[in-house]
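**Student:** Supplied in structure tokens, the structure appears directly below.
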Number of protein chains: 2
Amino acid sequence: MNEQNRRILLASRPDGKPTTDNFKFDTVPVAEPGDGQVLLKILYLSLDPYMRGRMSAAKSYAAPLEVGDVMEGATVGRVIQSRDPAFAEGDIVLSHSGWQNFAIADGATLRKLDPSVAPVSTALGVLGMTGFTAYAGLLTIGQPKPGETVVVAAASGAVGSAVGQIARIKGARAVGIAGGADKCAFLRDELGFDVAVDHRAPDFADQLKAACPQGIDVYFENVGGHVWEAVFPLLNEFARVPVCGLIAQYNDTAPPAGPDRLPGFMREVLSRSLNVRGFIQREFVDQRPAFYKEMAAWIASGQVRYREDIVEGLDAAPEAFMGLLEGRNFGKLVVRIGE
Amino acid sequence: MNEQNRRILLASRPDGKPTTDNFKFDTVPVAEPGDGQVLLKILYLSLDPYMRGRMSAAKSYAAPLEVGDVMEGATVGRVIQSRDPAFAEGDIVLSHSGWQNFAIADGATLRKLDPSVAPVSTALGVLGMTGFTAYAGLLTIGQPKPGETVVVAAASGAVGSAVGQIARIKGARAVGIAGGADKCAFLRDELGFDVAVDHRAPDFADQLKAACPQGIDVYFENVGGHVWEAVFPLLNEFARVPVCGLIAQYNDTAPPAGPDRLPGFMREVLSRSLNVRGFIQREFVDQRPAFYKEMAAWIASGQVRYREDIVEGLDAAPEAFMGLLEGRNFGKLVVRIGE
């Protein structure tokens with residue numbers, strides 16, 4: 001290989017919102033795969049809110065990136081050289097290769113994709129980690145019952161759109177929260193949500209209350225901030241709150257001013273018997289086979305629809321990622337890196 | 001009956017800590033039981049922290065008392081007149097008759113007690129609602145595994161002492177938090193807790209950290225306040241927090257000053273995959289038969305011990321209740337009303 005590999009590295013840790021200065025491009029020669037490895041040309045890169053956490057030094061459910069590391073991320077790639085007998089040149093695989101054009105990967109870490117089931121980019125979204133996050137968090141923690149009200153924030157996003165549609169499959173009422181009229185129309189008209197509420201509306205809290213006349217039984221939390229504040233008073237006794245993300249808070253650098261709402265929050269957890277549970281999809285790994293089967297069937301039948309927001313070229317990744325943290329994407333954000 | 005019934009009523013709602021002014025004594029003639037009812041002479045009255053909530057107007061998991069109502073509470077009584085064929089004069093029963101000397105009760109609401117199993121006052125404590133609260137909350141929500149660390153606050157109290165002992169039966173390490181050297185010695189020497197930590201010690205947070213070198217897997221929350229603040233940083237990934245009570249907060253009248261810790265709390269719920277769940281024992285009602293059987297066996301074998309703090313006479317109830325909210329009792333607080 002004489003090709004060069006262009007990569008995006010973590011140049012420095014963000015203080016608040018990430019800026020272009022936090023990213024650094026470099027170019028290195030493409031490496032050779034060792035025994036049991038393959039060389040991948042990356043086709044698609046997934047951009048996801050969790051990456052903001054990896055850019056910080058704080059311990060979370062995964063170790064932070066080090067400054068100088070290639071930015072992390074799930075990818076779809078084509079095998080262009082294989083030293084693992086399980087993979088042939090031309091195979092399309094799911095890998096975790098990060099923000100770059102080429103990557104070496106251990107064959108054991110890859111999942112082969114079947115392009116006849118769905119476009120391979122969906123392995124980064126509705127048929128991948130984001131779809132599985134929605135599926136496992138909603139069904140295991142949320143446990144929606146027929147007739148209950150399920151509210152999901154960031155509802156036009158990769159996780160939220162699947163949450164609402166699965167809630168409806170289970171017989172619940174799905175109320176989606178999104179930013180702007182276009183996204184709300186999409187939730188109602190394309191995805192079949194029962195109601196969509198625009199969190200940018202000045203009377204957002206009143207609109208949400210009107211949308212949930214029986215209160216809220218499940219709130220799938222992706223957002224935090226003022227959306228959470230509007231949801232919280234509407235939670236019914238025994239409500240379940242899977243906490244999947246807090247995108248509105250990721251760029252916060254200090255706790256907000258008082259009063260301190262934590263004691264009051266705990267009092268409501270007690271008096272309303274609320275269940276608030278943070279989770280990460282890998283704790284439900286044993287449900288993945290069932291997920292792949294059910295979700296593929298729901299997509300085939302049209303019961304679950306998805307929307308991708310595809311950005312062209314690796315160089316566009318930092319800007320697209322910064323937009324993701326502000327809700328500027330519309331659908332699962334994916335960068336097309338190669339063909 | 002020519003006897004008079006002395007009662008204690010809610011005279012006014014407390015603003016912060018209850019005072020003697022919030023209680024009013026009166027005396028009325030003892031009533032006659034109707035069809036299907038019995039007349040009870042009350043022997044024991046249970047005093048429990050949840051009663052503080054009932055004195056306020058705020059909606060909680062049960063309706064508040066009205067001003068002028070008899071103060072609520074679980075009781076043990078002797079049937080002195082019966083118009084329900086299921087009960088004979090002399091039967092000892094568990095009822096919910098409140099703060100008074102005599103009561104009429106529907107037979108259908110009573111549970112007959114067997115004085116040969118254990119002293120009948122235990123139906124208000126370790127073999128009653130408080131023991132069941134410990135059992136159901138710890139086993140269903142806490143799910144302690146062998147070798148894990150279970151921390152319980154108010155550990156010498158009615159619920160906490162059962163939590164720690166059940167945790168040890170399940171093979172976990174039990175760390176108790178209590179106020180004062182006497183209570184801590186009791187936890188270690190009488191109840192077999194692995195460690196006891198005094199929350200009044202100036203270096204309480206450091207002591208708790210030293211007592212939990214592997215972090216905390218289950219925290220059974222009875223208290224809130226500064227105990228919760230010391231516990232929270234020690235919670236391990238995937239820790240479970242059954243929220244049973246918040247006695248340190250019950251008298252608060254306004255949220256404390258800032259900063260607002262709620263966003264930071266939610267961030268930790270997410271990044272450590274914490275499960276924080278408020279509960280009330282009645283949601284686990286189907287586990288009661290198993291509880292009565294297991295707990296009676298544990299008491300018989302000496303695996304669970306209990307301590308009662310018995311106060312003499314109905315008139316002492318308000319003062320004893322105010323002391324309970326400040327941790328002045330030592331063991332399950334019960335008022336002996338009759339013999």
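The values are calculated or read from the model by the stated rules, or taken from the named source; none is laboratory data. The model shown is predicted, which means the values in this text are computed figures rather than measured ones. Reconstructed Cβ throughout: ideal geometry from the backbone, glycine too, with neighbour counts over all protein chains shown.
**Student:** Scan segment B:239-247 and give yes if some residue there is assigned by TED's automatic domain parsing to the domain that holds B:L191 and surrounded by fewer than 19 Cβ atoms within 10 Å (Cβ to Cβ), otherwise no.
**Tutor:** So far as segment B:239-247 goes, no, none of its residues is assigned by TED's automatic domain parsing to the domain that holds B:L191 and surrounded by fewer than 19 Cβ atoms within 10 Å (Cβ to Cβ).
**Student:** From the set of residues in segment B:138-172 that are among the polar types (S, T, N, Q) and out of contact with any helix residue (DSSP H, G or I) (no Cβ under 7 Å at 6 or more places or on another chain), which is nearest to B:L324 (Cα to Cα)?
**Tutor:** First, pick out the residues of segment B:138-172 that are among the polar types (S, T, N, Q): B:140, B:143, B:149, B:156, B:161, B:165.
Then keep just the ones that are out of contact with any helix residue (DSSP H, G or I) (no Cβ under 7 Å at 6 or more places or on another chain); that gives B:143, B:149, B:161, B:165.
Working: B:Q143: 28, B:T149: 27, B:S161: 15, B:Q165: 22 Å.
The residue in question is B:S161.
**Student:** Regarding segment B:187-209, can at least one residue be identified that is surrounded by 21 or more Cβ atoms within 10 Å (Cβ to Cβ), among the β-branched types (V, I, T), within 14 Å of chain A (Cβ to nearest Cβ) and out of contact with any His (no Cβ under 7 Å at 6 or more places or on another chain)?
**Tutor:** No, there is no match, as no residue in segment B:187-209 is surrounded by 21 or more Cβ atoms within 10 Å (Cβ to Cβ), among the β-branched types (V, I, T), within 14 Å of chain A (Cβ to nearest Cβ) and out of contact with any His (no Cβ under 7 Å at 6 or more places or on another chain).
**Student:** Which pairs have Cβ atoms under 7 Å, sit 6 or more apart or on different chains, and link a residue in segment B:258-278 that is more than 7 Å from chain A (Cβ to nearest Cβ) to one that is of a type outside the set (V, I, T)?
**Tutor:** From segment B:258-278, the pairs are B:E268/B:L274.
**Student:** Can I ask one more? Determine the pairs where a residue that is in contact (Cβ under 8 Å) with a residue 40 or more places away in the chain and of a type in the set (S, T, N, Q), located within segment B:1-27, has a partner that is assigned to a helix (DSSP H, G or I) and surrounded by fewer than 16 Cβ atoms within 10 Å (Cβ to Cβ) with Cβ atoms under 7 Å apart, the partner being 6 or more residues away or on another chain.
**Tutor:** The qualifying pairs are B:S12/B:D21.
**Student:** Hey, another quick one. Can we say B:D217 is without any contact (Cβ under 8 Å) to a residue 40 or more places away in the chain, more than 25 Å from B:M55 (Cα to Cα), more than 12 Å from chain A (Cβ to nearest Cβ) and charged (D, E, K, R)? Don't jump to the end; show me each part of the working.
**Tutor:** Details: without any contact (Cβ under 8 Å) to a residue 40 or more places away in the chain: no; more than 25 Å from B:M55 (Cα to Cα): yes; more than 12 Å from chain A (Cβ to nearest Cβ): yes; charged (D, E, K, R): yes.
When the stated conditions are applied, B:D217 does not pass them.
**Student:** Just to verify a result, which residue in segment A:271-327, among those that are basic (K, R) and either within 25 Å of A:D217 (Cβ to Cβ) or surrounded by 20 or more Cβ atoms within 10 Å (Cβ to Cβ) (or both), is farthest from the chain's Cα centre (by Cα)?
**Tutor:** Initial filter on segment A:271-327 (basic (K, R)): A:272, A:277, A:282, A:288, A:293, A:305, A:307.
Keeping just the survivors that are either within 25 Å of A:D217 (Cβ to Cβ) or surrounded by 20 or more Cβ atoms within 10 Å (Cβ to Cβ) (or both) gives A:272, A:277, A:305.
Values: A:R272: 29, A:R277: 17, A:R305: 16 Å.
Only one residue fits best here, namely A:R272.
**Student:** In the set B:L43, B:L94, B:L10, which member is within 30 Å of B:D252 (Cα to Cα) and under 22 Å from the mean Cα position of the chain (by Cα)?
**Tutor:** B:L10
**Student:** If we scan segment B:140-156, do we find a residue that is part of a helix (DSSP H, G or I), under 17 Å from the mean Cα position of the chain (by Cα) and either buried (at least 23 other Cβ atoms within 10 Å of the Cβ) or not assigned by TED's automatic domain parsing to the domain that holds B:N236 (or both)?
**Tutor:** no
**Student:** Of everything in segment A:24-40 that's within 28 Å of the chain's Cα centre (by Cα) and surrounded by fewer than 18 Cβ atoms within 10 Å (Cβ to Cβ), which residue is nearest to the other protein chains (Cβ to nearest Cβ)?
**Tutor:** Within segment A:24-40, the match that is nearest to the other protein chains (Cβ to nearest Cβ) is A:K24.
**Student:** In segment B:246-257, what residues are closer than 22 Å to A:S273 by Cα and facing chain A (nearest Cβ under 7 Å)?
**Tutor:** B:L246, B:Q249, B:D252, B:P255
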